[in-house]
Amino acid sequence: MAARKPYLSKSRLISAWQCAKKLHLEKHHPELGEVSSQTESLFATGNQVGDIAQQLYGTADSVEIAFDFKTMLAETERLIDGGADFPIFEATFRHEGVLIRADVLIPDGDGWHVIEVKASTSVKDYHVLDCAIQDWVLRNSGINVLSISLAHINNQFVYAGDENYDGLLIENELTDEARKLEPAVLDLVAKARDAVTGPMPAIQVGAHCTKPYDCQFQSHCWPSDTEYPISGLGGSRAKLGNFVALGAHDIRDVAAHDLTAATQQWIHRVTVAGEPEVIPGAKKILEALPYPRYYLDFETIGPAVPIWAGTRPYAAVPIQWSCHIEEEGGAIRHEEFLDLSGEPPMRALAEKMIECLGESGPVLMYTSYEKGVINGLIAMFPDLEEPLTKIVNRLYDLHPIVKTHYYHQKMLGSWSIKAVLPAMVPEMSYSGLEGINEGMGASDGFLEAINPETDMVRKLELEEQLLRYCRFDTEAMVAIVRFFTTN
């Protein structure tokens, strides 16, 4: 009796395309994976966009096939064989052990138009492969596929606030490109079967670990059982993978002469020495900043599906700010803004910020993100252009100062504020914040807090966490400046 072909989903085939070892681990050792909050947020975004696609392509009689392994194939077959002449969402088919769920099937005469929906803002190479896999399964399941398209987010769409998302998705017809990839699909299916049924593929780490997706098994495959993992050198993942292949696990395992990038040489030198390095000059630069000094940080949301009128998909929409104000002599006070009513907060946020920041004094930020956010507010509220532009002209970025003048081996190649702060000021660390302790968490937390279905106890908990996290960002900047000016 012939061996039964292993079950393969479309997502498993894409995993095999990225890395056969990734698929093997997903099948046999899923417990070794680490799903980040960012990945979970991306899944949620995909579901959101899928819901909008059903609104846009649906009709009064359209049907969604429920996700149930026991019934979804049979239910799809029943509809197709019954002569369905309406859109079907998540229609499910299997061929040669490969199972696919088509986002949208739209009847077109004696055939079907297939639409795959993605939350990205453009067509990627692997999207065409995705469509090719679907087309291959569908046609071999007896479906007359007249055309197959990929619909993705139109990031120029401006939401009018009227629940009408017509124009949010852009369709790209990919039938010819997808069918040219049929030989590649057949090869990929064979590769995936081998990865699932055979031993773990011997694949070295490299650039493929983060493309097209961040692999959940990086902490397993990349050397991590050492004090200063080689990934902390930063730079090309391909080159780092070559070092690992040669036996290097720790930054200190790499020979200095094998590094040509100045930043990597600095990271290596400090790590080998075991002592942080402070380059002279930062103290003089920072002491010259006049008072009062304003330390500003925003939190933003950027949903794929806009929720407020006048906003675009993925645009950074500010929903919160924190500001520590330092007077000459060291006195510090704090102001903040957060509105969890669910109403658009941007206008009130901008006006209160203008009032808080006054007319003079540097406005310190960490990276240029705040500048982009304020420029977005200028575009949103032209009547506030003058005071907001004055604030933009006062912005002062601390990040280049830190990156030029400081490195500690515990930063592991990162000059993010979350890496720098505990190295400079060990008693301060984002890891000590309960609940929300990073930007994506803040965005998700805000959206949960304004959801009418969120109960008051949870809303108050989220409010406390949001305020604490944003406040910690500006406290961190104050601590960094004091580190340089008092040492």
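The values are calculated or read from the model by the stated rules, or taken from the named source; none is laboratory data. The shown structure was predicted, so the numbers you read here are calculated from the model rather than taken from an experiment. With ideal geometry, Cβ positions are generated from the backbone for all residues, glycine too; neighbour counts draw on all protein chains shown.
Observations on the structure shown:
- Residue tally, condition surrounded by fewer than 14 Cβ atoms within 10 Å (Cβ to Cβ), free of Cβ contacts under 8 Å to residues at least 40 places away in the same chain and not in a helix (DSSP H, G or I), over the stretch 30-63: 3
- For the stretch 437-477, taking the residues that are β-branched (Val, Ile, Thr) and surrounded by 15 or more Cβ atoms within 10 Å (Cβ to Cβ), the one that is farthest from Glu326 (Cα to Cα) is identified as Thr454.
- So Pro212, is it assigned to a loop (DSSP other than H, G, I, E, B), surrounded by fewer than 17 Cβ atoms within 10 Å (Cβ to Cβ) and either at pLDDT 95 or above or among the polar types (S, T, N, Q) (or both): no
- Cβ pairs under 6 Å, 6+ apart, first in the stretch 132-145 and assigned by TED's automatic domain parsing to the domain that holds Glu177, second assigned to a helix (DSSP H, G or I) and not hydrophobic (A, V, I, L, M, F, W, C): Ile133/Lys10; Trp136/Glu182; Val145/Asp135; Val145/Arg139
- Subset of the stretch 360-377 (residues that are crowded, with 18+ Cβ neighbours inside 10 Å and assigned to a helix (DSSP H, G or I)): Glu370, Val373, Ile374, Gly376, Leu377
- Scanning the stretch 360-383 for residues that are among the β-branched types (Val, Ile, Thr) and in contact (Cβ under 8 Å) with a residue 60 or more places away in the chain yields a count of 2.
- A single member of Arg94, Arg78 is part of a strand (DSSP E or B) and either at pLDDT below 95 or more than 19 Å from Gln54 (Cα to Cα) (or both), and it is Arg94.
- Arg179 vs. criteria touching a residue at least 40 places away in the same chain (Cβ under 8 Å), surrounded by fewer than 20 Cβ atoms within 10 Å (Cβ to Cβ), under 30 Å from Phe69 (Cα atoms) and not hydroxyl-bearing (Ser, Thr, Tyr): yes
- Those helices (runs of 4 or more DSSP H) of the stretch 229-327 in which at least 3 residues are at pLDDT 95 or above and not assigned by TED's automatic domain parsing to the domain that holds Lys352, considering only elements entirely within it, cover 237-245, 262-273.
- The stretch 336-359 - residue that is assigned to a loop (DSSP other than H, G, I, E, B) and touching a residue at least 40 places away in the same chain (Cβ under 8 Å) and, of those, surrounded by the most Cβ atoms within 10 Å (Cβ to Cβ): Leu340
- The stretch 235-262 - residue that is under 16 Å from Glu277 (Cβ atoms) and either in contact with a Ser or Thr (Cβ under 7 Å, 6 or more places away or on another chain) or touching a residue at least 60 places away in the same chain (Cβ under 8 Å) (or both) and, of those, surrounded by the most Cβ atoms within 10 Å (Cβ to Cβ): Ile251
- Condition check for Phe86: in the same structural domain as His152 (by TED's automatic domain parsing), at pLDDT below 95 and either under 23 Å from Ala132 (Cα atoms) or in a loop (DSSP other than H, G, I, E, B) (or both): no
- Complete set of residues in the stretch 390-400 that are in a helix (DSSP H, G or I) and under 27 Å from the mean Cα position of the chain (by Cα): Val392, His399, Pro400
- Any hit, the stretch 427-440, residues being under 24 Å from Ile251 (Cβ atoms) and either assigned to a loop (DSSP other than H, G, I, E, B) or not assigned by TED's automatic domain parsing to the domain that holds Tyr469 (or both): yes
- Lone qualifier among Glu177, Glu171 - being more than 24 Å from Pro6 (Cβ to Cβ) and out of contact with any Cys (no Cβ under 9 Å at 6 or more places or on another chain): Glu171
- Close contacts from the stretch 86-106, counting a first residue that is of a type in the set (Lys, Arg) and a second that is crowded, with 21+ Cβ neighbours inside 10 Å and modelled with pLDDT of 95 or more, with Cβ to Cβ under 6 Å and a gap of 6+ residues or different chains, come to Arg101/Thr92.
- Here is the figure for the stretch 161-182: residues that are at pLDDT 95 or above and either in a strand (DSSP E or B) or small (Gly, Ala, Ser) (or both) total 7.
- Filtered residues of the stretch 192-206 (kept if more than 29 Å from the chain's Cα centre (by Cα) and assigned to a helix (DSSP H, G or I)): Arg193, Asp194, Thr197
- Among residues of the stretch 280-301 that are more than 24 Å from Asn375 (Cα to Cα) and surrounded by 15 or more Cβ atoms within 10 Å (Cβ to Cβ), those with a Cβ under 7 angstrom from a residue that is among the hydroxyl-bearing types (Ser, Thr, Tyr) and at pLDDT 95 or above, sequence gap 6+ or separate chain, pair up as Lys283/Thr485; Leu286/Thr485.
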